[in-house]
Ligand SMILES: [Zn+2]
């Protein structure tokens, strides 16, 4: 306990300290509120995939081998397959570099061998890219280890990295993200000559919840992405990062 002097004049010497304590108390309270809000926000956004995001991004899967920086292979992959996979990863990255310019993201990549392994990281047989405040983490399933799927997933990671997680969350619709990914994914259903949709069907994807099991949604996104100026994509993503609206930047 501190001695309290009787003289009011002397007491005044303590006022700045008292105010400082009061203000500090308010500041701590506000900080706590901000932290609670922030954490709730992140958990809410992560939703059901939160566990997978954390497992993918923060945990080194046990037994998995880091073949190259940030690239982890299932222990069940043999060396022949791993050489082929590394080659496919490099070719997929080159495809993005040649289409839009050099990539700057460096996502963590987990390559699985069985469907069960893929599912344990929140993926299907093909692949998924977990995008969150923690960064980008790609999981490749047993059917997704070809150049097309790898380029597709890397493209998601690159866009997220360039736009920033918050602007991505608030300003980038899923159909746009998938449309950009299909520009480097040359699987047959995504080639323009194989797409037969009405103008209405194409435009309606903008107003629907994107269905990842509906091929027509990907095809509509692919057609909409045809209007994107590839040589200016990164420049325009930077504008989104600066807070500009996607409709004005990409004239959609
Ligand atoms: Zn995708």
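Structure above, values below:
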read-out: Exposure proxy order (Cβ contacts within 10 Å, fewest to most) of 185, 83, 148; value: 83, 148, 185
read-out: Hydrodynamic radius (Kirkwood) for the range 153-252, which is based on Cα pairs only, to one decimal in Å; value: 13.7
read-out: The range 128-144 and the range 211-252: distance between their alpha carbon centers, rounded to Å; value: 20
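Every number here is computed from the coordinates shown, using simple stated rules; none is lab data. Everything numeric in this text was worked out from a predicted model, so none of it was measured. Backbone-built Cβ (ideal geometry, glycine too); neighbour counts: all protein chains shown.
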